[in-house]
Protein chains: 2
Amino acid sequence: MAIEELSNSLPMMLYKALDTIMPKFRIIFKEFGITEPQARVLRILWQHKKIALNELSSLSLITPPSLVGVIDRMELNGFVERNNSNIDRRKIIVNLTKKGKTLESKILPKVEKVYTEIESSMTKKDLNNTLFLLNKISLIDKR
Amino acid sequence: MAIEELSNSLPMMLYKALDTIMPKFRIIFKEFGITEPQARVLRILWQHKKIALNELSSLSLITPPSLVGVIDRMELNGFVERNNSNIDRRKIIVNLTKKGKTLESKILPKVEKVYTEIESSMTKKDLNNTLFLLNKISLIDKR
DNA sequence: TATTAATAATTAATATATTAACTAAAGCCC
DNA sequence: GGGCTTTAGTTAATATATTAATTATTAATA
């Protein structure tokens, strides 16, 4: 590869990678009338069924102020519901509706297909190395 | 590292990495009253002095509709100016003002310091490998 | 227990991102 | 040269991101 490319900074290269692969996924999400942040929320709810909003924020990497709006719109579209916690009255429990659950079997296979396509473009080994190194970065102290 | 972390998808790990390192840079940008996209624009202008808006869009990875607003605000704050191209009347040439140029010597050293801090957290070799692999990803066909 | 500190969700204000559509100016092609 | 296509910049509408501030609750503690 050309040296100029590698002379780009880590932030720019991260954005560049996202800029390359995310459009492939967004095409799928659009088919089902959801956005990418909404898809991130759905993926988590497909695993947890119900989860407190603050935990959802941590797992989705969507900050609370943004997440409030994301959940608002997903609620309006009937994908999720808000409920109050009985234990801690400050907490809001977000849970999946049938409509939200239904999307799982429709979206996941298409997402997997794109993921396989990416793997085939860069070797499974490279992909694993990338994940390993990105994980290392994510463990750096955030302050 | 724990396996669960690596079981996250490539998109999520890319976001996680950005989520870890970008706050460190944003603190610097905020000191000088600029945002992160504005800093990306400045960094390019520090190298090119003047550049057509469409090229600036490609290099900054900021799409034209977003970039219009970014340049609007940077122009209002006196960091850049818009000029018309004599050759192609469709084109807008963005060029740096003295005020925008001045920021270079103030911001770059602090940015470099953070970058060095990141390097020290993960080995220069790991960082280079990461850039190498991210570059590979960015070369995947975007369609 | 009254007070204080910390947490969860939200609101507010501003800046960006995303997609589609639109205008003006080149480029092309016959 | 008139018509067609492409390109550059912009606008519009909606969704998110970012930072600071607010409200309600809970936890902590003197």
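The values are calculated or read from the model by the stated rules, or taken from the named source; none is laboratory data. What you see is a predicted model, and the numbers here were worked out from it, not measured in a lab. Quick reminder, even Gly has a Cβ in these numbers, built from the backbone with ideal geometry, and neighbours come from all protein chains shown. The accessibility values were calculated without ligands, DNA or RNA, using every heavy atom of the protein model including side chains. Shrake-Rupley method; radii C 1.70, N 1.55, O 1.52, S 1.80 Å.
Couplings 3J(HN,Hα) of region B:36-49, computed from phi: 5, x, 5, 5, 5, 5, 4, 4, 5, 5, 4, 8, 9, 6 Hz, in residue order, whole Hz [Karplus 6.51 cos²θ - 1.76 cosθ + 1.60, θ = phi - 60°; x for Gly and Pro]. Structure remark: mean-square fluctuation, Gaussian network model of chain B, C-alpha springs under 10 Å; the largest value among B:K49, B:K91, B:K16 belongs to B:K16. Rounded to the nearest 100, the interface formed by chains B and A buries 4800 square angstrom of accessible surface, both chains summed, with a 1.4 Å probe. Between copies, the label points at A:K98 (set 7 angstrom from Cα along Cα-to-Cβ) are spaced 7.1 nm, reported in nanometres from shortest to longest.
Between A:N128 and A:T102, the modelled label-to-label distance comes to 3.9 nm, taking each label 7 Å out from Cα in the direction of the beta carbon.
In this structure, the amide hydrogen of A:I92, modeled 1.01 Å from its nitrogen in the peptide plane, lies closer than 5 angstrom to those of A:L53, A:N54, counting only residues at least 5 positions away or on a different chain. Of all chain B residues, the one whose Cβ lies closest to the rotation axis that maps B onto A, given with that distance rounded to whole Å, is B:L14, 3.
Legend: residue pairs B:K24/B:K110; A:K125/B:K142; A:K24/A:K98; A:K91/A:K142, Cα-Cα distance threshold 18 Å; pairs beyond threshold, A:K125/B:K142; A:K24/A:K98; A:K91/A:K142. For region B:109-122, backbone phi angles converted through the Karplus equation (6.51, -1.76, 1.60; θ = phi - 60°) give residue-by-residue couplings of x, 5, 5, 4, 5, 5, 4, 4, 4, 5, 4, 6, 7, 9 Hz, Gly and Pro being listed as x. Just the number, please: carbon plus sulfur as a percent of the accessible area of region B:3-138, 1.4 Å probe, no ligands or DNA/RNA counted. Of all accessible area on region B:3-138, carbon and sulfur atoms account for 54 percent. The phi-based Karplus calculation (6.51 cos²θ - 1.76 cosθ + 1.60; θ = phi - 60°) puts the 3J(HN,Hα) values of region A:66-73 at 6, 4, 3, x, 4, 5, 3, 5 Hz, whole numbers, x for Gly and Pro. Separation of region A:7-27 and region B:1-71, taken as the distance between their Cα centroids, equals 10 angstrom.
Annotation for region A:92-120 versus region B:111-143: alpha-carbon center distance of 29 Å.
Under 17 Å of direct C-alpha separation, and excluding same-chain neighbours fewer than eight residues apart, B:K99 reaches these lysines: B:K30, B:K49, B:K50.
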